[in-house]
1. Within region 1-37, which residues are touching a Phe, Trp or Tyr at 6+ places or on another chain (Cβ under 7 Å) and among the β-branched types (Val, Ile, Thr)?
2. Tell me the residue from Leu110, Leu123 that is touching a Phe, Trp or Tyr at 6+ places or on another chain (Cβ under 8 Å), outside any helix (DSSP H, G or I) and not hydroxyl-bearing (Ser, Thr, Tyr), please.
3. Identify, please: which residue in region 82-100 is part of a helix (DSSP H, G or I) and out of contact with any Phe, Trp or Tyr (no Cβ under 8 Å at 6 or more places or on another chain) and is, among those, farthest from Leu19 (Cα to Cα)?
4. Restricting the search to region 124-154, which residues are among the hydroxyl-bearing types (Ser, Thr, Tyr) and either under 11 Å from Arg49 (Cα atoms) or out of contact with any helix residue (DSSP H, G or I) (no Cβ under 8 Å at 6 or more places or on another chain) (or both)?
5. Residues of region 44-72 being over 18 Å from Asn139 (Cβ atoms), part of a helix (DSSP H, G or I) and aliphatic (A, V, I, L, M), which ones?
6. Filtering region 99-154 down to residues that are small (Gly, Ala, Ser) and touching a residue at least 40 places away in the same chain (Cβ under 8 Å), which residue is surrounded by the fewest Cβ atoms within 10 Å (Cβ to Cβ)?
7. Please work out if Lys145 is touching an Asp or Glu at 6+ places or on another chain (Cβ under 8 Å) and among the charged types (D, E, K, R).
8. I'd like to know if region 75-98 contains one or more residues that are in contact (Cβ under 8 Å) with a residue 40 or more places away in the chain, among the hydroxyl-bearing types (Ser, Thr, Tyr) and either assigned by TED's automatic domain parsing to the domain that holds Ile154 or surrounded by fewer than 19 Cβ atoms within 10 Å (Cβ to Cβ) (or both).
Amino acid sequence: MILSNKKLIIFDMDGVLFLSTHSHEIAFKSICQKYSLPNFIYTEISGMRTDEAFLHIFNKNKMIYTPELVQLMTIEKREIAAHLLRENPIFAENCYNIIKNLSEKYILSLASSSDQKNVHYFLNTSRTKEFFKVIISGNEVSKCKPDPEIFNKILYTLSISPQESLVIEDSIKGIEAAKSAKICAIGIANDEFMRTNLMHAGAFNVFLSVNEFYENLSKGN
């Protein structure tokens, strides 16, 4: 059984509970086009904090930048993404019931690279805030995924070991961060290409959605 001997489930937000990936990708592409940055592969920056993602794009293409430019691009990207998400917020299927039911058996935590405002928006609109014991956003860590800082911070706060924990992630960097923290990770991917990548990154198993994961869990698997 996946959750055998587990006390804690750590959820990523974007792409797992909050189906915001498309909005973030549009926002990144809009800013990159505005500032004449070359095309990028979204899976390479998925799971990163916004400023770290832009730094990755600049460095990969050996382009000159200033901290002020990265900060400006980060602010503008977050504004575009926030606008898109507020226009059409989409939550994972059965999101509220899954979180509520799991919170009755396990300690739940949220570990997101997203901006704190987006995290609070998700928690308030999905009405799930009360079910998470620890909530950490990208603003509250110095290093983004694949660094395990965000997961280690949660383990330390709750005094729970990696062996007693499970991470649910949709990005390669998120799975790698969980692996570095020595936490078993479940991947969420809606196509075979991403499923293969998440398994290669170290996921114990990969499901199409959180709902499929929960249904599998309910069957005792």
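1. The answer is Ile9, Ile10.
2. Leu110
3. Asn97
4. Filtering region 124-154 down to residues among the hydroxyl-bearing types (Ser, Thr, Tyr) leaves 125-126, 128, 137, 142.
Scanning region 124-154 gives Thr125, Ser137, Ser142.
5. Across region 44-72, the qualifying residues are Ile57, Leu69.
6. Ser126
7. Working: touching an Asp or Glu at 6+ places or on another chain (Cβ under 8 Å): yes; among the charged types (D, E, K, R): yes.
Answer is yes for this residue.
8. No, region 75-98 contains no residue that is in contact (Cβ under 8 Å) with a residue 40 or more places away in the chain, among the hydroxyl-bearing types (Ser, Thr, Tyr) and either assigned by TED's automatic domain parsing to the domain that holds Ile154 or surrounded by fewer than 19 Cβ atoms within 10 Å (Cβ to Cβ) (or both).
The values are calculated or read from the model by the stated rules, or taken from the named source; none is laboratory data. All figures in this text were calculated on a predicted structure; none of them were measured in a lab. Positions of Cβ are backbone-derived with ideal geometry, glycine not excepted, and every protein chain shown enters the neighbour counts.
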